[in-house]
Structures are given as structure tokens and as C-alpha cells.
Amino acid sequence: MTQKLTNWARNITFAAERLDAPSSLDELRGLIAGSAKVRVLGSGHSFNRVADSPGALVSLDGLPQVVEIDTASAAVHVSGSVRYAELGRRLHDKGYAVPNMASLPHISVAGSCATATHGSGVGNGSLATAVSAVKMVTADGDLVTLSRDRDGEEFDGAVVALGALGAVVGLTLDIVPAFEVRQYVYEGLPVEALDDHFEDLVSRAYSVSMFTDWRTSRIGQVWVKERLDQATGPAPVPDLFGATPADGPRHPVPGMPAVHCTEQMGVPGPWFERLPHFRPDFTPSSGEELQSEYMVARRDAVAALHALEAISDRIAPVLQISEIRTIAADRQWLSPFHERDSVAFHFTWIKDADAVTPVLGLIEDRLAPYAPRPHWGKLFTVDPETLRSRYPRLGDFQALARRYDPTGRFANDFVARHLLDAS
């Protein structure tokens with residue numbers, strides 16, 4: 001590798017000595033067994049050093065792509081490098097869907113699940129909750145499969161694992177019959193309306209997201225994504241707790257053209273073309289941003305919102321846009337949604353780490369009473385000891401890591417500091 005690799009946002013330059021792209025599973029197994037340190041690099045859509053490696057970085061893009069639908073068990077088998085955009089098209093063509101998608105369809109399935117990346121919806125878990133089996137190459141080159149039905153709690157520790165147990169080369173996902181979605185955007189929601197109507201609002205549709213720039217006392221946009229087979233009445237309503245329907249397509253960032261966004265104005269379309277905010281055939285930005293996200297219990301949503309509102313004068317100057325959305329609880333040990341229905345406060349920052357970092361600390365202080373769990377792939381400054389205390393099954397995960405990677409071959413500095421060093 002003659003030129004150092006960077007992540008998608010180019011705020012991280014990887015320390016890896018090389019980037020390998022094996023063309024076969026046997027080649028990958030040999031490469032891992034022969035490396036002192038190794039990490040798998042997916043789509044690179046992370047903003048911290050979770051994917052970095054002091055040794056080798058491995059891309060799975062050279063391995064054969066697999067999307068195999070198993071109709072008998074309502075599942076799809078995918079290889080580690082498959083992106084959600086491709087998976088969505090392939091599934092929909094055969095009449096199937098995955099239950100939810102993230103804002104961007106351009107990200108890899110394996111990387112998204114490993115970090116508990118998510119979409120929105122009070123009844124929707126993170127993307128990792130659709131996983132029913134994980135196939136990975138462990139530190140000694142063995143091929144291991146863990147399944148929900150057979151491996152129980154150990155499986156709960158292996159899906160959201162930050163690449164610390166092995167190289168995930170395949171996943172099995174639950175699938176459902178394909179469905180259509182219509183999307184409406186509302187504007188100008190008074191923040192005070194959430195004091196009494198937060199649950200009513202976020203439960204209104206299959207997926208609901210709110211966008212704010214923290215500059216006014218109103219939520220700028222509310223994106224409502226309804227499944228047609230679950231719609232209960234005409235839409236859009238003229239008044240959504242004080243918000244009114246947009247008169248045309250919108251981009252989440254005020255002033256940006258909506259051409260990159262999924263179709264709005266209630267035009268029905270396939271699930272994979274409506275559940276994301278951005279279209280699969282466009283790249284929504286060039287990476288000129290930084291991102292953070294903090295998850296708290298949904299019961300604390302309004303209190304946390306007001307805590308952040310109190311420091312809006314510090315947030316707004318370094319912010320592009322903020323998204324508020326909900327995620328259902330799960331059982332996965334390292335999931336930020338472990339055993340608690342959650343609300344996520346997402347921040348898309350200007351690309352200025354020196355200006356943003358002090359604001360992260362301030363946000364974390366304000367949210368501290370609600371034990372926020374940050375997104376594993378985004379920027380945060382929570383100290384490792386505090387972060388570890390928020391994951392009750394961390395000790396079990398450490399034992400799992402010792403079992404599958406006893407010498408720490410997959411444990412980079414980020415993983416070692418935040419997960420494995422309990423001292």
C-alpha cells in the first residue's frame with residue numbers, strides 16, 4: 001500500500017501497514033492466521049478508530065458476493081461485503097424485505113450490524129436484530145458459525161462485536177414479505193409539543209424522525225414513513241401537533257437540494273427506496289462532516305431533549321443538522337439498545353474536530369443523568385470506565401473475546417481501551 005487509507009469522512013488516517021483484499025475464503029483464513037494484528041474494513045463509514053489496525057487491514061470486497069434467499073426459513077444469506085442498497089434490490093425483486101434500513105443504504109451489512117447501526121421506529125430494533133446467524137473467521141483461521149437458535153446467549157454476544165471476535169464473512173438475516181411505504185415531511189413542530197405528545201408522535205408511523213438545528217424553539221422537520229399495509233387514514237394530516245405538511249421535497253439540512261433524498265410527498269414506493277433518507281443511486285455528500293450519536297432510554301427522551309436545549313447555543317454553531325429517532329430494545333450484549341427502548345440524538349457536525357470536541361464533552365455532561373450510550377462508530381469522549389459501566393454484559397463479552405481471540409489479534413487500540421481493559 002503506497003498511500004495511507006482514510007475513512008469515508010477523511011478525518012481518520014488508518015495506521016495499517018497494508019490493505020489486503022483476498023479473493024477466496026482460504027486466502028483470507030491464511031492471511032488472518034499469519035497476521036499479528038488484523039482488522040476488517042467495510043464501507044469505512046465510521047468516524048473514530050474502531051476500524052483501525054496497527055497491522056493489516058482486510059477488505060472483503062474481493063470475495064464472491066452472496067445473496068441467497070431461503071424461502072423455507074424466511075431468511076437471506078449474505079456475504080460480508082454486501083451493501084444494503086444491493087441487498088434491498090435483490091430482495092425486493094423476489095418479493096422480500098428486511099424489516100428496516102438505516103439513513104444511508106450505501107453501508108455494508110456486516111459493518112452496520114457489528115456496530116448496531118439502526119433506522120427508526122418504536123417497534124424496530126437495530127439492523128443487527130435481524131441477524132439469525134454469524135459466520136466468521138477466528139484468530140487461528142477457523143471458520144465458526146454462531147446461530148440464534150443453537151447458541152443462545154453466546155450468539156447475543158457475537159452480533160454486535162465491533163470486529164473483536166473475528167472477520168465476519170457471512171450473515172443470515174430474517175426477511176419479511178416486501179411492503180410499500182409512503183413518506184411525508186412536516187415542518188415547524190413546536191418543541192413544547194413534545195412535552196405531552198412525544199410518544200404519540202414517534203408512534204404515529206412505522207418510522208418517524210425529527211430534525212433540528214437547535215437554533216429555534218421548533219423542530220425543523222418531521223419525516224413520517226408509513227407502511228401502506230398499516231396506514232389507518234388519509235395523509236398528510238393538516239396539523240401534526242403544530243407542524244404542517246411541507247409543500248415540496250426536503251433535505252434534512254436546511255437549504256440543501258432534495259435531489260439526493262428518497263421520494264416524499266406521499267408517493268408510494270418499495271421499502272428499500274423509502275426507509276432510508278437518501279437514495280441508493282446517489283452519494284448524499286462527500287464526507288465533509290463529522291458525526292456523533294447518543295442513545296438514552298426512551299422514557300427519558302423529553303428530559304434529555306430539554307437538557308440539550310439548555311446548551312443549544314453551544315451546539316448550533318458547529319452543527320449541520322441533528323436527528324432524533326427511536327429504536328426498540330434488544331438482547332445483544334454490546335448494543336446501545338441492550339434491554340432498553342431508546343431514543344437517539346444524532347449530530348452531523350461541521351468538519352472541524354477542534355471546534356466539535358469540546359461540545360461533545362458538554363453534551364455528555366448534560367446527558368450523564370440518563371446514562372447515554374454512544375454509537376460505537378461515531379465520535380464521543382466518554383471515558384472508557386464510565387462507558388463500560390453502562391454495559392451489564394461486558395464481562396461476558398470479554399470472556400467471549402478471550403475464547404475466540406485469546407491473543408488479541410483483532411483487538412486494536414479502540415477495542416482494547418473501550419471493551420477489553422476492565423482495569
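The values are calculated or read from the model by the stated rules, or taken from the named source; none is laboratory data. Just so it is clear, the structure is predicted and the values come from calculations on it, not from any experiment. Cβ coordinates were reconstructed from backbone atoms using ideal geometry, including for glycine residues, and neighbour counts include every protein chain displayed.
Give me a count of the residues in region 142-155 that are assigned to a helix (DSSP H, G or I) and under 14 Å from residue 401 (Cβ atoms). Before the answer, list the steps.
The initial filter retains those residues of region 142-155 that are assigned to a helix (DSSP H, G or I), namely 148-155.
Then drop every residue that is not under 14 Å from residue 401 (Cβ atoms), which leaves 154.
Residues that pass the stated criteria total 1.
Of 318, 296, 259, 343, which residue is farther than 20 Å from residue 212 by Cβ and not assigned by TED's automatic domain parsing to the domain that holds residue 157? Spell out the reasoning first.
Working: 318 fails: farther than 20 Å from residue 212 by Cβ; 296 fails: farther than 20 Å from residue 212 by Cβ; 343 fails: farther than 20 Å from residue 212 by Cβ.
Of the residues listed, the single one that is farther than 20 Å from residue 212 by Cβ and not assigned by TED's automatic domain parsing to the domain that holds residue 157 is 259.
Sort out which residues of region 219-235 are at pLDDT 95 or above and surrounded by 15 or more Cβ atoms within 10 Å (Cβ to Cβ), and write them in order of number.
219, 220, 221, 222, 223, 224, 225, 226, 227
Taking the condition within 22 Å of residue 8 (Cβ to Cβ), modelled with pLDDT under 95 and of a type in the set (S, T, N, Q), does residue 81 pass?
yes
Residue check, residue 136 against (1) over 18 Å from residue 376 (Cβ atoms); (2) not in a loop (DSSP other than H, G, I, E, B), all met but one. Which one?
Against the list (1) over 18 Å from residue 376 (Cβ atoms); (2) not in a loop (DSSP other than H, G, I, E, B), residue 136 comes up short only on (1).
Among the residues of region 194-220, how many are under 21 Å from residue 342 (Cβ atoms), of a type outside the set (Val, Ile, Thr) and not in a loop (DSSP other than H, G, I, E, B)? Walk me through how you get there before you give the answer.
Filtering region 194-220 for residues under 21 Å from residue 342 (Cβ atoms) gives 194-212, 214, 219.
Okay, now just the ones that are also of a type outside the set (Val, Ile, Thr), so 194-201, 203-207, 209-211, 214.
Next, from what is left, pick out any that are not in a loop (DSSP other than H, G, I, E, B): 194-201, 207, 209-211.
Within region 194-220, residues that are under 21 Å from residue 342 (Cβ atoms), of a type outside the set (Val, Ile, Thr) and not in a loop (DSSP other than H, G, I, E, B) number 12.
Sort out which residues of region 84-96 are surrounded by fewer than 24 Cβ atoms within 10 Å (Cβ to Cβ) and either touching a Pro at 6+ places or on another chain (Cβ under 7 Å) or part of a loop (DSSP other than H, G, I, E, B) (or both), and write them in order of number.
85, 88, 92, 94, 95, 96
Which of the following residues is in contact with an Asp or Glu (Cβ under 7 Å, 6 or more places away or on another chain) and surrounded by fewer than 20 Cβ atoms within 10 Å (Cβ to Cβ): 331, 393?
Details: 393 fails: in contact with an Asp or Glu (Cβ under 7 Å, 6 or more places away or on another chain).
331 is the lone residue from the list that is in contact with an Asp or Glu (Cβ under 7 Å, 6 or more places away or on another chain) and surrounded by fewer than 20 Cβ atoms within 10 Å (Cβ to Cβ).
Are there any strands (runs of 3 or more DSSP E) wholly within region 19-75 with 3 or more residues that are surrounded by 17 or more Cβ atoms within 10 Å (Cβ to Cβ), and if so which? Let's see the steps before the verdict.
Details: elements: 38-40, 56-58, 67-70.
It comes to 38-40, 56-58.
Out of all the residues in region 404-411, is one or more under 18 Å from residue 116 (Cβ atoms) and without any contact (Cβ under 8 Å) to a residue 40 or more places away in the chain?
Taking region 404-411 as the starting set, the residues that turn out to be under 18 Å from residue 116 (Cβ atoms) are 410.
From the residues that got through so far, the ones that are without any contact (Cβ under 8 Å) to a residue 40 or more places away in the chain too are none.
No.
Here are 141, 166, 188: which of them is under 25 Å from residue 409 (Cα atoms), surrounded by fewer than 20 Cβ atoms within 10 Å (Cβ to Cβ) and more than 18 Å from the chain's Cα centre (by Cα)?
Working: 166 fails: surrounded by fewer than 20 Cβ atoms within 10 Å (Cβ to Cβ); 188 fails: under 25 Å from residue 409 (Cα atoms).
Exactly one residue qualifies, and that residue is 141.
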